[in-house]
Structures are given as structure tokens and as C-alpha cells.
Amino acid sequence: MKNILVKIQEQFGVKELPHDLFHSFDQALRFELGGEKFGTDRPMRRFAQAHERSNAVSQAFFENSSDVFVLLSSYGMEQPDKKRLKSLKLCGIKHFEFQYLSKTRQQDDDHISEFGCDLFRHWDIAKLKDKQTISEILWLGIASEMGVKPAFRGSTAAYLVDAENGLVLHLYDDRGMDVIASQKAPLSDLFFRFNDWLLGQDLTPVSYTHLTLPTKRIV
């Protein structure tokens, strides 16, 4: 499965995926999930909307994907947290199904000053048995910032990847979700199907010109 990282590097020109996909790649979309209608005072409705929207976009995005992988990022000491994958058991993915890929030294001066050692970003990957599992993983990502259980543990975050077709989806929290693609067609389709969910602050006259689309709605 290390070949997945090689394909990502070839398709997107990065050694590892950043947190902010939208601003890091030319061909990208950012979707609003929780929205302004439901704030933290209505957590159940906010969670339900975020999960519903992320499901709809992800199903369309990976509709023609035969293989989807979950690529997990987590921060810790030089040795990864042994419990970082615990929540994924609830998605039907057992610990032995994950392959540990690599660690990246963060050169974090503040962490070194406080703890006497550097911070590391750790990467694990597993192939999903079915695409229905995507919905459960999205749940964990949304729940991690909302006090909902189950949720990702600590700093764990997920990237859903179809490396063969150059597709990556990253839900950063209940506020929003980024998708990137090596080709324009998958993003153009999402743009038209879910235009009302594109994050308003990023929907400017030049935000999506790289997709060669008609004039866009300005929020």
C-alpha cells in the first residue's frame, strides 16, 4: 500500500498531504457542512446536516471508484500512539488491516522547548472493504470537534483516497470538507451538483476559474 503514497506524490506533487487541501492545490473545492443556520446551540441539527452533506458529496465523488483507501494522519512522539486507530474498529476496520507507512519530523521548536523532543506526524493506511464505510469515517471526523461519540482519538484525521483516479477528500471538522482531483471533470460535476454548499467565503470570482466553469454564484 506504500504505492498509494507514490501515486499521490506523482499526481499532486507533494510528499505528504497538507491539512488545507483547498488552498494548497489548484484543482480543489471546499464545501460548507455545518453552516451558519445551526450553531453550537443546536448541536444535533448541526451534526445531522454536516453528516448528510458530507455523505452526499462523498458518494458522488467516489461513485466510479473501485478502490478507496483511508489514509490516517496523527501527531505524537517519535513512536506513534498505540490507541490512535482504536475508533476505526467501530467502522469495521481492525488494527491489523492498517499498514503503518511513515513518520515526518515537524521541526516544532515550541514542542521541543516544552517536551525536549520534536513532534512527529504519523501515517497509516487501510483499504476499505466497501464504500459504505466512508459514511462512518466521516462521522468520526465531524464528531471529533463536537463532543459527539464515537469520534477520532486525539489529533487523528482522515483522508479518503482513490489513488488510481487521483481523488482525495478531507473533512477537517464540522465546518467543512475539501476535495481535490488530478483531473477537472470530477470537480466540475460536484460544482454543479452541490453548488449551494460551496463555502461562501471561498466562492469568489476567481476561486474556481481553474475548473473552466461558467460564471459562478457569488455569496
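Are any of the residues in region 22-34 surrounded by 12 or more Cβ atoms within 10 Å (Cβ to Cβ), of a type in the set (A, V, I, L, M) and closer than 24 Å to SER102 by Cα? Scanning region 22-34, I find no residue that is surrounded by 12 or more Cβ atoms within 10 Å (Cβ to Cβ), of a type in the set (A, V, I, L, M) and closer than 24 Å to SER102 by Cα, so the answer is no. Restricting LYS86, LYS149, LYS131 to residues that are under 21 Å from LEU21 (Cβ atoms), open to solvent by 70 Å² or more (accessible area, probe 1.4 Å), over 12 Å from the mean Cα position of the chain (by Cα) and among the basic types (Lys, Arg) narrows the list to LYS131. Scanning region 108-151 for residues that are farther than 18 Å from VAL68 by Cβ and of a type in the set (Phe, Trp, Tyr) yields a count of 2.
The C-beta contact set for region 38-57 (first residue closer than 16 Å to TYR172 by Cα, second residue of a type in the set (D, E, K, R), distance under 6 angstrom, 6+ apart or interchain) comprises ALA50/ASP174.
Looking across ASP178, ASP189, ASP162, ASP109, one residue alone is over 24 Å from VAL14 (Cα atoms) and either touching a helix residue (DSSP H, G or I) at 6+ places or on another chain (Cβ under 9 Å) or open to solvent by 70 Å² or more (accessible area, probe 1.4 Å) (or both). It is ASP189. The set of residues from region 100-136 being polar (S, T, N, Q) and at pLDDT 95 or above comprises GLN132, THR133, SER135.
Listed by position, the strands (runs of 3 or more DSSP E) enclosed by region 1-107 that each have at least 1 residues that are closer than 24 Å to ASP189 by Cα are 28-32, 69-76.
Within region 94-106, is there a residue that is β-branched (Val, Ile, Thr) and over 17 Å from THR156 (Cα atoms)? Lay out the reasoning, then the answer.
First, the residues of region 94-106 that are β-branched (Val, Ile, Thr): 104.
From what is left, the residues that are over 17 Å from THR156 (Cα atoms) are none.
Within region 94-106, none of the residues are β-branched (Val, Ile, Thr) and over 17 Å from THR156 (Cα atoms).
If ILE4 satisfies every condition in (1) modelled with pLDDT of 95 or more; (2) open to solvent by less than 30 Å² (accessible area, probe 1.4 Å) but one, which is the exception? So the condition that ILE4 fails would be (1).
The values are calculated or read from the model by the stated rules, or taken from the named source; none is laboratory data. This one's a predicted model, so the numbers in the text were calculated from it and none came from an experiment. With ideal geometry, Cβ positions are generated from the backbone for all residues, glycine too; neighbour counts draw on all protein chains shown. For accessibility, only protein heavy atoms count, side chains too; no ligands or nucleic acids. Shrake-Rupley method; radii C 1.70, N 1.55, O 1.52, S 1.80 Å.
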